[in-house]
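Single-structure report; data block below.
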Amino acid sequence: MSARVSETTRAGLRGHPGRIALVLTGAGAVGLLISLPLGAVFYYALREGWAAYFGYLLAPDTRHAIGLSLLAAGVALPVNTVFGLCAAWALAKFTFPGRRLLISLIELPLSISPIIIGVGYLFVFGLQGVLGPWLDDHGISMAFNVTSVVIVTTIVTSPYVFRELLPLMLAQGTQEEQAAVSLGAGAWKTFFRVTLPNVKWALFYGLTLSFARSLGEFGSVAVVSGAVRGETNTLTLQIDLLYHDQVQTAAFAVASVLTSFALVTLLIKTWVERRESVDSP
Amino acid sequence: MKRFPLLLSILGLAATVASAQTEILNASYDISRELFAEVNAAFIPAYKASGGGELTIKQSHGGSSRQARAILEGLKADVVTFNQVNDVQLLADNKFVAKDWAARFPHGSSPYFSVHSILVRKGNPKGIKDWADLAKAGVTIVQVNPKTGGNGRYAVLAYYAAGLQAFNNDAAQARALTKKILANVVVFESGGRTATSTFTEREIGDVLVTFEAETLALASAPGSAYQVITPSVSVLAEFPVAVVEKVAAKRGTAAVAKAYLDFLYTPQGQEIVAKNHYRPRDAGVAARYAAKLTPVKTVEVDAFFGGWEKVTKQFFDNGALVDTLLKEVAAERIN
């Protein structure tokens, strides 16, 4: 019924000047605001030819920056998976006082600016901070090194998996788990055979978002990294650095790597969304 | 809690890497990457040849105030090579750097210096020869905001010094010249590099006033569309260096850190400095680069203006000379 209505509406609007104007505006906005800058990244990256392009990418500092970003993502993703699953499971399957507050707290990194997370981190772990001096006395350094970059990236990306899982788990309710338990399944078996398979696509989707975000993170990492070349520079910091060094082609070359990662993530995300809609009726 | 095993393994890895050989970190200002890439490439073999062993030098670059802040918060830099005396002083006040740091190395611990010069578009269409020409009607200037950046402060002091020199130390005349020049500034940029981009990429202004290290680099690039005008008088800008004693003592790098900074004063180090458009302290090297780094009369902030504290009060604080002059300029424009 509704399909037929929309068909007729669509037919009526075909060729309508308003429709054409809307489509043109939409396409223009996408072209101007997204495709053009995206295209520019690759255009400028390859301005000096392929040899120069790969030369920039294979420079030791740049290779290291790619490695560090992947390391940060590599730590953040499993941590986010475990954390997101535990938190979403506990908050979806049980009710207890303070539940809403806890949800807001977990989602806090989404709503506050990353730079505040960075500065807050220094407030705790910096040498002028709360724990920093004590840690320093014991020979542990938690600021301006790889550790701080990895932890801050993990904090910033921590809500993504949780956020994808929670609404789904809430919607699914606890009937299937109750059925499993009543049929004699233990807690772990229930989790791995019932709960986890039910949310696998949402989990995967959350992970792709986490991955994209951890590679793209700039503000918080800029605060805690110390920008040591070949040591604590992530991909985004390396782009910023090269850009300000006036080696702009190199900056664009590195940016094209980040863009490519993002595009691949986007493809995976689209594919997952399709799987998700196929799996859940 | 679950984050800790991962953390510890990362820490452990970092520790093994660090113990394999000597490593120092040089925290520097944001536009010194090429300079120190060359310095490091020369120092590492020299250090090894003198029996020092394998050495790795890491670089961190950023605005020098930001770098100082990071060191206070725990960035493990063994040496600092800054472009602001205040920022080293901040580290000294917090006991990261020796109290008498300025006396630890020659020339006030500033192994090289720069002056402010004038960059014009090729052919010098406005016929600029010295600071006084910047006061002419119709000349447009790009410089750094003296309220927010050291670069801009040196520019204003240079205008004022030029006024004093031209008019026999008449402060009223120097003030008038400074005002006329400031009236011609079309963009006050936040930092040195953004000022450069405004002049070169947005093509705003007839004149860019910034460090000579920057103007010479722009003018000597292949196919450059600019040329440098070296003024008759300018203010000497120091580039102070210091060993971060607190970090170096803990890491056992005090000796190599000192050797590294000493190297900047050697003829080889001074040669690299001059090649990168900074002015060397070594007279022999300076003489060899005189064609590029043309001799200029310099005045020092301490000796000539009575130090930064006094200068800040007189020129740059809220309501001080720069504010007054800009207010007057704005008022005259309306009338």
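Readers should treat all values here as calculations from the given coordinates under stated rules, not as data from a laboratory. All figures in this text were calculated on a predicted structure; none of them were measured in a lab. Heads up, the Cβs are rebuilt from the backbone with ideal geometry, glycines too, and the neighbour counts pull from every protein chain shown.
Most simply put, chain B has about 45% antiparallel DSSP beta bridges, counting only bridges with both residues inside it.
Both numbers refer to the Cα atoms of region B:48-192; Rg and Dmax are 19.9, 61 Å. Peptide B:64-76 shows a mean partner chain C-beta count of 6 within 10 Å per residue C-beta. Calculated translational diffusion coefficient of chain B (37 °C, 0.692 mPa s; Stokes-Einstein with Kirkwood radius over alpha-carbon pairs) equals 154 µm²/s. Distance between the modelled labels on B:Ala255 and B:Thr56, one decimal in nanometres: 2.1 nm (7 Å Cα→Cβ projection).
The length gained by stretching the chain between B:Glu309 and B:Glu328 to full extension, at 0.36 nm per residue less their Cα-Cα distance, is 4.4 nm. Here the Karplus curve 6.51 cos²θ - 1.76 cosθ + 1.60, taken at θ = phi - 60°, turns the phi angles of region B:250-267 into couplings of 5, 8, x, 10, 4, 5, 5, 4, 5, 4, 4, 6, 4, 4, 4, 8, 6, x Hz, with x standing for Gly and Pro. Shielding value for B:23-36 is 2, the average number of Cβ atoms from other chains within 10 Å of each residue's Cβ. Other residues whose C-beta falls under 13 angstrom from the C-beta of A:Ala180 contribute a net charge of +1, scoring Lys and Arg +1 and Asp and Glu -1. The alpha carbon radius of gyration of the protein assembly as shown, expressed as a multiple of 2.2 N^0.38 Å, is 1.17. Please state the Cα pair-distance histogram of region B:114-255 with 5 angstrom bins from zero: what percent is in each bin? P(r) over region B:114-255, rounded to whole percents: 2, 10, 18, 21, 18, 10, 6, 5, 4, 4, 2, 0. Entry note, chain A: relative contact order of 29 percent, from Cα contacts under 8 Å with a spacing of 6+ residues.
Amide H contacts under 5 Å for B:Thr210: B:Ser117, B:Leu119, restricted to partners 5 or more places along the chain or on a different chain, H placed in the peptide plane at 1.01 Å from N. Which whole-number percentage describes the relative contact order of chain B, with Cα contacts under 8 Å and a sequence gap of 6 or more? Relative contact order for chain B comes out at 22 percent. When peptides A:41-52, B:323-334, A:23-34 are ranked by their average number of other Cβ atoms within 10 Å per residue, the highest-first order is A:41-52, B:323-334, A:23-34. Cα centroid separation, region B:115-166 to region A:202-281: 43 Å.
A simple spin-label model places pseudo-atoms 7 Å from Cα toward Cβ; at A:Ala27 and B:Lys122 they are separated by 4.2 nm. Return the percentage of antiparallel bridges among DSSP beta bridges fully within the protein assembly as shown, rounded to the nearest 5 %. Percent antiparallel among DSSP bridges in the protein assembly as shown is about 45. With each label modelled as a point 7 angstrom along the Cα→C-beta vector, the A:Ser104-B:Ala172 pair spans 6.6 nm. Calculated FRET efficiency, A:Tyr243 and A:Ala52, Cβ-Cβ r, R0 22 Å, to nearest 0.05? The computed FRET efficiency comes out at 0.85. The trypsin sites (Lys or Arg not before Pro) of region B:126-198 that meet both conditions, a loop assignment by DSSP and at most 14 other Cβ atoms within 10 Å of the site Cβ, are B:Lys129, B:Lys136.
The charge dipole of the protein assembly as shown, taken about its Cα centre with unit charges on the Cβ atoms of Lys, Arg (+1), Asp and Glu (-1) only, comes to about 1100 debye. Treating each Cα of region A:49-279 as an identical point scatterer and summing with the Debye formula, the log10 of I(q)/I(0) at q = 0.09, 0.12, 0.16 Å⁻¹ comes to -0.47, -0.77, -1.12. For a straight C-alpha distance cut-off of 29 angstrom, the lysines reachable from B:Lys258 (same-chain residues fewer than eight places away being disregarded) are B:Lys48, B:Lys58, B:Lys76, B:Lys95, B:Lys99, B:Lys246, B:Lys250, B:Lys275. Whole-Hz Karplus values for region A:37-46 come out as x, 4, x, 4, 4, 6, 4, 5, 4, 9 Hz, taken residue by residue from phi with 6.51 cos²θ - 1.76 cosθ + 1.60 and θ = phi - 60°; glycine and proline positions read x. Take the Cβ atoms of A:Lys93 and B:Ser190, set R0 to 35 Å, and the FRET efficiency comes out at 0.10. On the beta carbon distance between B:Ala92 and A:Phe123, with R0 = 25 Å, the FRET formula returns roughly 0.55.
Taking amide H atoms as placed 1.01 Å from N in the peptide plane, the amide H of A:Ala227 has no partner under 5 Å among residues 5 or more positions away or on other chains. Taking amide hydrogens as placed 1.01 Å from N in the peptide plane, the amide H of B:Leu25 sits under 5 Å from those of B:Lys58, B:Asp78, B:Val79, each at least 5 positions away in sequence or on another chain.
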